[in-house]
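Quick notes on the structure that follows.
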Amino acid sequence: MDTKQKIEEAIQDKEYNPYEHRQVKKPNSDIRSLANLLKASLGSGILAMPLAFSNAGWGFGIVGTVIVAFVCGHCVHIFVNVSRGCCKAMRKPLLNYAETCEAAFSIGPKRLRRFARFARIFAEVAQLLTYLGVCCIFTVLIADSIKQLFDRYVTSVIVPVEYYCLAILVPLCLMCQIRHLKWLAPFSLVANVLLVVTFAICIFYIFKDEITLNDRKVIGPAVRLPAFLSTVIFAMEGIGVVMPVENAMKKPQHFLGCPSVLVIAMTFIMLLYTVLGVFGYFRYGDELKGSITLNLPIDDWPAVCAKAFIAISIFLTYPLHFFVVVGVLTRFTEPYIKKKYKNLSQVLGRTAVVLFCGGIGVALPMLEYITNIVGALFYSILGLVIPGIVETIFRWQDLGKYKWILWKNVIIVLFGVFCIISGCAVTVGDIIDRLKGRME
């Protein structure tokens, strides 16, 4: 019996349903899972969308955002489908992101099976670096928002943003001691509410006065388009949180389908990103900063609320993304730690990671550039390249008519590689130019 037949029989095996064998201590409802998934993709990214549109122009921005949303949503869909197929083929109740990569290779073509362990390690490292980068971005965004408020209302003390990065490390360390997604869900709901209020305030200021389109580009310069793609990919991708959310659901079969948790989340995200991106660009043009809240006036109370709300919202979101980092590190270190020291190691390890991310924020407090680097390099690998490769390997024996699955995934992977190379090149150039400007 060949590999194709084994996979097909396993997938069609009605006797083994992975959902029936899952033992989740604190399962989440569909609403809580939707809240966690939304919060994974809604954060500092949505507020960077106007800046992305200033790089791409409003016409290209609208089309590009819809396309990227579709591609990112499709990659999440195929990866979850592959994970479910691997669960049935290997008769396991659930698999995380890295385990899915390993399983797909282990039951794929014989000549590629020896790379199964490497695939798992590569996926683990990609997740680790991606969400470390996200935590660094969140640290800088919170610090930037707090600094604006203090510089305006506590004028007796004006300090660099690096000091605010250091000041918020203590409360972040305390928040990151939460160890269950179920306990993070209420914080995610509060953060979502604050983010929606912030979004509403931004919309208020955008439409407060008449909008002019005289000097707004329909299509931006080609050299800036990679920066647009980097920001949008960073803003929309939440694939590293997808498997923990799906695995922790009370009814995981509701994650895919139509309507489903994934479809509702991605549709909502796409609409919000497009609206804020295009109209934010219409209002502020090329003066946009890394987060549109930083462009709001500092003297009006609604704007002050928006700056405070986004700081609180990102603060409450931080542990959800941190959850991915801790999960990866725990899987690497747990076999080497004695049982009686595991609780202490969790406390010290979580604290050390928060301090590390804070140190990166202090060393490189340039919000828009960190965002572009993380989006271009890490999220492109995690959300585009890996899902395309993994589905191809898993479906190798049956790639569809004319091997359309293969060609479709080749396009996705090439798109991801293009985003990596072009996005990193443009962003590194921007960082060098900015550092030169500071020195002159």
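Determine the pairs where a residue that is closer than 16 Å to Tyr318 by Cβ, located within the stretch 334-362, has a partner that is among the hydrophobic types (A, V, I, L, M, F, W, C) and not in a helix (DSSP H, G or I) with Cβ atoms under 6 Å apart, the partner being 6 or more residues away or on another chain.
From residues that are closer than 16 Å to Tyr318 by Cβ, the pairs are Arg350/Cys176; Val354/Cys176.
Mind telling me which of the residues Arg179, Arg216 ends up being at pLDDT below 80, out of contact with any strand residue (DSSP E or B) (no Cβ under 9 Å at 6 or more places or on another chain), of a type in the set (Lys, Arg) and in a loop (DSSP other than H, G, I, E, B)?
Arg179
I'm trying to understand the selection: among the residues of the stretch 29-49, which are at pLDDT 70 or above, crowded, with 24+ Cβ neighbours inside 10 Å and either among the hydroxyl-bearing types (Ser, Thr, Tyr) or over 18 Å from the mean Cα position of the chain (by Cα) (or both)?
Ser33
I need the full set of residues from the stretch 150-191 which are closer than 13 Å to Ile314 by Cα, surrounded by fewer than 20 Cβ atoms within 10 Å (Cβ to Cβ) and of a type outside the set (Val, Ile, Thr), in order please.
Of everything in the stretch 150-191, those that are closer than 13 Å to Ile314 by Cα, surrounded by fewer than 20 Cβ atoms within 10 Å (Cβ to Cβ) and of a type outside the set (Val, Ile, Thr) turn out to be Pro171, Met175, Leu189.
Would you be able to say whether some residue in the stretch 223-236 is modelled with pLDDT of 85 or more, of a type in the set (A, V, I, L, M, F, W, C), surrounded by fewer than 16 Cβ atoms within 10 Å (Cβ to Cβ) and within 28 Å of Met366 (Cβ to Cβ)?
Looking for residues that are modelled with pLDDT of 85 or more, of a type in the set (A, V, I, L, M, F, W, C), surrounded by fewer than 16 Cβ atoms within 10 Å (Cβ to Cβ) and within 28 Å of Met366 (Cβ to Cβ), one finds at least one in the stretch 223-236, hence yes.
Kindly indicate which of Ala248, Ala200 is crowded, with 16+ Cβ neighbours inside 10 Å and small (Gly, Ala, Ser).
Ala248
So Leu129 passes all but one of these: (1) surrounded by fewer than 22 Cβ atoms within 10 Å (Cβ to Cβ); (2) modelled with pLDDT of 85 or more; (3) assigned to a helix (DSSP H, G or I); (4) out of contact with any Phe, Trp or Tyr (no Cβ under 6 Å at 6 or more places or on another chain). Which condition number does it fail?
Going through the list (1) surrounded by fewer than 22 Cβ atoms within 10 Å (Cβ to Cβ); (2) modelled with pLDDT of 85 or more; (3) assigned to a helix (DSSP H, G or I); (4) out of contact with any Phe, Trp or Tyr (no Cβ under 6 Å at 6 or more places or on another chain), Leu129 breaks only (4).
State which residue is surrounded by the most Cβ atoms within 10 Å (Cβ to Cβ) when the search covers only the stretch 386-423 and only residues that are charged (D, E, K, R) and assigned to a loop (DSSP other than H, G, I, E, B).
Arg395
The values are calculated or read from the model by the stated rules, or taken from the named source; none is laboratory data. Small disclaimer: the values here were computed from a predicted structure and weren't measured. In this analysis, Cβ positions are derived from the backbone assuming ideal geometry, glycine residues included, and neighbour counts consider all displayed protein chains.
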